[in-house]
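The structure appears below as structure tokens.
The values are calculated or read from the model by the stated rules, or taken from the named source; none is laboratory data. Every value quoted in this text rests on a predicted model; they were computed, and no experiment measured them. Ideal geometry is used to build each Cβ from the backbone, glycine not excepted, and the neighbour counts take in all protein chains shown.
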Amino acid sequence: KAKKTSQYELQTFTGWLLRKEQAGVIDSELTIVLNSIAVACKQIASLVQRAGISNLTGVQGATNVQGEDQKKLDVISNEVFSNCLRSSGRTGIIASEEEDTPVAVEESYSGNYVVVFDPLDGSSNIDAAVSTGSIFGIYRPTEECLANLDDDTQLGMVEQNCIVNVCQPGNNLLSAGYCMYSSSVILVLSVGDGVYGFTLDPMYGEFILTHEDIKIPKKGAIYSFNEGNYALWDDKLKKYIDSLKDPVPTGKPYSARYIGSLVGDFHRTMLYGGIYGYPADKKSKNGKLRLLYECAPMSYLAEQAGGKGSDGHRRVLDIEPEQVHQRVPLYVGSVEEVEKLEKYLAA
Ligand code: AHM
Ligand code: MG
């Protein structure tokens, strides 16, 4: 007999995590890390919402390792994220878009996880109060106790005479997700058994389960690319984009939607279907988005939701990163849309 549910029964994120733990999907350590990420997201959400009032718009005056202007909120969000992970006592290494190299968390706990994140993605939107988001991925440290410790490439962190490998392929992800700061604040994540979405209830201050087992529609007539770069794209990609605007054979061309905020554009793609793309072009040979903390987490979520993430030729999750801030082209969304694009690029 089905259990009668009360209209007042809410599933909070914490309650959901505990159920996943009871079911053996995640362990208690990962529960703590995910909880601390949710706390960081709540804190960033409130900073973003009050940015105009608290004088947190505008640039900080510094550039990050990738030469990009850091917004005040980029720097603060990075600190918030790092602090929450640090105080969880379960994270050993963190790698962030805003840090030059991976950072070891020196606490009494050695920490079981490597967390990669972009604390405030799409921050160019902040000053206009348009959507932004945080993106994260969680790995188990693969300790390779290499003899040669002179290796100071960005491949890993030297810790206790071991190289803890931060640069792992998306295939190794234990969990990934994002939090979108928009008309509502939504935390979307996967722990390897589908994708779940939680909306922040401003009255309770809790993330409440609102999107159970999200599945990306198999196809969707929306494309999300920065078409301002059209002249810099290669001919195969131009042909693909041109085909989407051709009303033959369906009678209706595709719709263009582009916020310029990966989390917002990806979230819409998850719910409505379609394709999001950030291609390579004549100026940016590998595109703009970072493999470790942007492309791999989004591709993992897409696959968990029955969609696809590709660099145009291969699965993003199969790509072995060589550098922390490595960029790759990204095409992600509905299976049929991503496959259609791959066919054009392979032609
Ligand atoms: P950021 O990490 O510096 O914020 O850059 C990533 C953002 C993505 O959110 C978005 O998809 C893309 O950059 C937009 O770039 P562009 O302005 O070139 O279209
Ligand atoms: Mg980013």
Q) Limited to segment 265-289, what total is found for residues that are closer than 19 Å to Leu237 by Cβ, in a helix (DSSP H, G or I) and within 11 Å of ligand 1 (Cβ to nearest atom)? A) 1
Q. When you look at Leu292, is it within 14 Å of ligand 1 (Cβ to nearest atom), touching a residue at least 60 places away in the same chain (Cβ under 8 Å) and either part of a helix (DSSP H, G or I) or buried (at least 24 other Cβ atoms within 10 Å of the Cβ) (or both), yes or no?
A. yes
Q.
Among the residues of segment 302-321, are any over 20 Å from His267 (Cα atoms), under 17 Å from the mean Cα position of the chain (by Cα) and assigned to a loop (DSSP other than H, G, I, E, B)?
A. yes
Q | Identity of the residue in segment 170-184, hydrophobic (A, V, I, L, M, F, W, C) and more than 14 Å from Arg268 (Cα to Cα), that ends up surrounded by the fewest Cβ atoms within 10 Å (Cβ to Cβ) | A | Leu174
Q) Looking at segment 249-301, which of its residues are more than 17 Å from the chain's Cα centre (by Cα) and within 22 Å of Ser190 (Cβ to Cβ)? A) Tyr272, Gly273, Gly274
(Q) Considering only segment 24-32, I want to know if a residue exists there that is among the charged types (D, E, K, R), free of Cβ contacts under 8 Å to residues at least 12 places away in the same chain and touching a helix residue (DSSP H, G or I) at 6+ places or on another chain (Cβ under 8 Å). (A) yes
(Q) Residues that are modelled with pLDDT under 85 and more than 13 Å from ligand 1 (Cβ to nearest atom): does segment 64-80 have at least one? (A) no
Q) For the subset of segment 106-139 comprising residues that are of a type in the set (Phe, Trp, Tyr) and within 16 Å of ligand 2 (Cβ to nearest atom), which member is modelled with the highest pLDDT? A) Phe136
Q) Is there a residue in segment 231-252 that is within 16 Å of ligand 2 (Cβ to nearest atom) and not in a helix (DSSP H, G or I)? A) no
(Q) Looking at segment 18-74 only, could you name the residues that are within 17 Å of Val116 (Cα to Cα), of a type in the set (S, T, N, Q) and in a helix (DSSP H, G or I)? (A) Thr31, Asn35, Ser36
Q. What tally of residues in segment 206-264 results from selecting those that are surrounded by 13 or more Cβ atoms within 10 Å (Cβ to Cβ), polar (S, T, N, Q) and either more than 16 Å from ligand 1 (Cβ to nearest atom) or without any contact (Cβ under 8 Å) to a residue 24 or more places away in the chain (or both)?
A. 3
Q.
Tell me yes or no: at least one residue of segment 298-314 is closer than 28 Å to Pro102 by Cα, at pLDDT below 95, of a type in the set (A, V, I, L, M, F, W, C) and within 13 Å of ligand 2 (Cβ to nearest atom).
A. no
Q | Odd one out for Gly89 among (1) among the small types (Gly, Ala, Ser); (2) away from ligand 2 (no atom under 16 Å from the Cβ); (3) within 18 Å of the chain's Cα centre (by Cα) | A | (3)
